[in-house]
Amino acid sequence: MSKELPKGFLWGGATADFQYEGGFEEGGRGISSHDYETDGSKDHPRHHTMKMPDGTIIEPNSSFILADPVPKDAQPVFLDDQYYPSHKAVDFYHHYKEDIKLMAGMGFNVYRFSISWSRIFPTGEEEQPNKAGLKFYDDVINEMVKYGMEPLITICHDEMPVNLALKYDGWNSRRVIDDYVKYAKVLFEHFGDRCKYWLTFNEINAVRGFGPTGVRNSQGQDRYQADHNMFVASAKTVKMGHEMMPNSQFGTMFAMSAAYAATCKPEDMFHSLQENRENWYFIDVMGRGYYPKYADELLQRHNVEKLQMEPEDTQILKEGQLDFIAFSYYRSSTTKAGDEWFNVGGSSNPYLKETPWGWPVDPLGLRYTMNEIYDRIQKPIFIVENGMGAIDQADENGYVEDDYRIDYLKDHLSAMSDAINIDHVPCLGYTMWAPIDLVSLSTGEMKKRYGFVYVDMDDKGNGTLKRTPKKSYKWMKHIIETNGAALDETN
Ligand code: BG6
């Protein structure tokens, strides 16, 4: 079976503002909940810098999955002896023309990027948006349109204006729903004429804690209440978006890491069913428009007494269902009875190799995941993140021979093609994470590189920021110009 993909398939890349954009204090941008995160590494987790009323500095772990609770009276602070990667990131703010040209050079016909909420509403509470913020994204979108690239916009990629986090405990408060809908409305008014594809949230099933959801206690009742409020905000936004932009299509992005059972022991199999529901819970509510029956059991497991819902929420969720299911796929995981819930690391899988960051490499898991989602939700899917974080060795010109990245992508794209061509899963497109090197979300380092383009910058922000295409750049260009047919070729 040929690997060539159906005509009109969207090929591109994906980035997130606080990992890529920089321009922290420019154009009237307010402070985002990610701005207090330090750099880090696999062995030394990045953390928020927070101060207690008595002056003590505390450093809660800011990993997007397992954030430590942040005491109520702790306030975020910037410390002179710390490096905060989001402030400069890799400076897309001043390199957007060059970067978009590089993406267009590979033949991208879509580019997924996120808008920084605090660039549009610096505190989240203003009545009027920040004009300079809108202008920046206008310029970015116009530049993409010039090259025939379709924008795929993430409205909220794991962050919010820090003011909303501090004043209202982030998504724990229902009033943040209105702040979000006001923000989304402004985006639709300004960019809706050029943008058809939207994602209301990034990895909504994975994000927790102070940075991503603004919530100080990221477990149990607080976490699931915040999620419910995000579901309502998304559904209201989808409905409004459809009314304002009749051709628009909406997704939310889910982090998918199929949890295989470690053995066929019935207890392990049942544990894997329940572990997978940790993700399905989110996709089912947003993709089908109602809470599944198993939600009661899942919430009890997380010590949630009762979610606070308004009588109109049932109707809102029904009316604001997603048009397509977007997801990230980097790896599968393996689980067995007794493992912690939502343990992405899980038990190890003896059949798979791992990246230097311990992420199992499982291309067939992508085909598996695509089929699973479509079988269950019966809506088109969109792979909006996939890629390999690796340690690149650049030569004196910044050139990298990244054959390992080519191998990873070739195997995953082949599996994707099989899901589309053999299993007939309708898939709108593929946006690789991340076409230009940027800062890692989980570790805050630059060393974990994903790009087709090398950026000369180290973990502490030193470097010229010079962009140099890697070997994989030319390879991907060839895959795209043949619409996937070249996946059949040997390297
Ligand atoms: C996803 C996020 O979790 O994975 C991205 O949406 C993130 O923001 C990506 O960068 C890869 O993770 P990491 O930790 O290697 O940057």
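Any read-out appearing in this document is the output of simple, stated calculations on the displayed coordinates, not a laboratory observation. Everything numeric here is computed off the predicted structure, so don't read it as measured data. Reconstructed Cβ throughout: ideal geometry from the backbone, glycine too, with neighbour counts over all protein chains shown.
Using equal-weight Cα scatterers in the Debye expression, the normalised intensity of region 207-259 in log10 at q = 0.19, 0.24, 0.28, 0.31 Å⁻¹ is -0.78, -0.94, -1.04, -1.12. In a fully extended conformation the segment linking residue 394 and residue 474 would gain 27.2 nm over its present Cα-Cα distance, using 0.36 nm per residue. Among the trypsin sites (Lys or Arg not before Pro) in region 14-71, those placed in a DSSP loop whose Cβ has at most 16 other Cβ atoms within 10 Å are 42.
Beyond a 27 Å Cα-Cα separation, which of these cross-linked pairs lie in this structure: 185/379; 182/448; 42/182; 236/379; 146/466; 72/236?
182/448; 42/182; 72/236
Using the Cβ of residue 202 as centre and a radius below 14 Å, the other residues enclosed give a net charge of -4, where K and R count +1 and D and E count -1. Counting neighbouring Cβ atoms within 10 Å and putting the fewest first, the residues 250, 201 line up as 250, 201.
The convex hull drawn around the Cα atoms of region 1-100, when projected onto a plane and averaged over every direction, covers 11.0 nm².
In square nanometres, what is one fourth of the surface area of the convex hull spanned by the alpha carbons of the chain? Mind showing how you got there, number by number?
Details: hull surface 88.0 nm².
Dividing the Cα hull surface by four gives the mean projection, 22.0 nm².
Using bins of 10 Å that start at zero, the share of Cα-Cα pairs per bin across region 357-485 amounts to 12, 40, 31, 14, 3, in whole %. Among 336, 97, 293, 167, sorting on how many other beta-carbon atoms sit within 10 Å of each Cβ, with the fewest leading, yields 293, 97, 167, 336. A DSSP coil position with no more than 13 other Cβ atoms inside 10 Å describes the following GluC sites (Glu not before Pro) in region 108-211: 127.
How charged is the neighbourhood of residue 71? Take every other residue with its Cβ under 11 Å from the Cβ of residue 71, and add Lys/Arg as +1 and Asp/Glu as -1. Local net charge: +1.
Taking the charge dipole of the chain about its Cα centre, with +1 at Lys and Arg Cβ atoms and -1 at Asp and Glu Cβ atoms, the residue from 337, 136, 348 reaching farthest to the positive side is 136. Averaging the Cα positions of each part gives two centres, and for region 276-344 and region 216-247 these lie 13 Å apart. Taken as Cα centroids, region 413-483 and region 23-92 sit 26 Å apart, rounded to the nearest whole angstrom.
Dipole orientation for the chain: of the candidates 156, 416, 214, 416 has the Cα lying most toward the positive pole (charges on Cβ; Lys, Arg +1; Asp, Glu -1).
What ranking of 234, 257 emerges when the number of other C-beta atoms within 10 Å of each C-beta is taken as an exposure proxy, fewest first? Walk me through the numbers before you get to the answer.
Values: 234 30, 257 26.
Fewest to most other Cβ atoms nearby, the residues stand as 257, 234.
When the convex hull of the C-alpha atoms of region 427-491 is computed, what volume per residue in Å³ does it have? Display every interim value, and only then the final one.
Working: hull volume 7.1 nm³, N = 65.
With only Cα atoms used, region 427-491 gives 109 Å³ per residue.
Working from Cα pairs under 8 Å separated by at least six residues, relative contact order for region 378-467 is 33 percent. Antiparallel beta bridges, as assigned by DSSP with both residues in the chain, represent about 30 percent of the total such bridges. Size check on region 290-402: the Cα extents along the three principal axes, sorted descending, read 63, 36, 27 Å.
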